[in-house]
Amino acid sequence: MNTAKLICILVLVILLGIVFIQNLEPIKIHFLFITIEMPHILLLLFTAAGGFALGLLTALLNRSSKDKKNR
C-alpha cells in the first residue's frame, strides 16, 4: 500500500513539474486594486503552495478537534 501511494505522489509531482515547465510566459494578475505581472510558472507555484498549505492546515485542525472529542 505504501509503495502505491509513493508511486501516485511521484506521478503527480512529475505531472505538476511538466505543467510548470510549459507555462513560462508572463501574465498579468489583478487582485483588488493591484496589477502584477509575473511569469505564469510563479502563479502556478504560489497556487500549488497555497493549496498544499490549506490542505495541511485543514488536516491539522481536524486532527486537533478529533483529539479534543476523544478526551
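The values are calculated or read from the model by the stated rules, or taken from the named source; none is laboratory data. This structure is a prediction, so every number in the text was calculated from the model and none was measured. Ideal geometry is used to build each Cβ from the backbone, glycine not excepted, and the neighbour counts take in all protein chains shown.
When the stretch 19-55 is filtered for residues that are among the aliphatic types (A, V, I, L, M) and under 15 Å from the mean Cα position of the chain (by Cα), the ones remaining, listed by number, are V19, I41, L42, L43, L44, L45, A48, A49, A53, L54. L45 meets the conditions (1) surrounded by 10 or more Cβ atoms within 10 Å (Cβ to Cβ); (2) of a type in the set (A, V, I, L, M, F, W, C); (3) modelled with pLDDT of 85 or more in every case but one. The failed one is (3). The set of residues from the stretch 13-41 being in contact with a His (Cβ under 7 Å, 6 or more places away or on another chain) and closer than 18 Å to G51 by Cα is empty.
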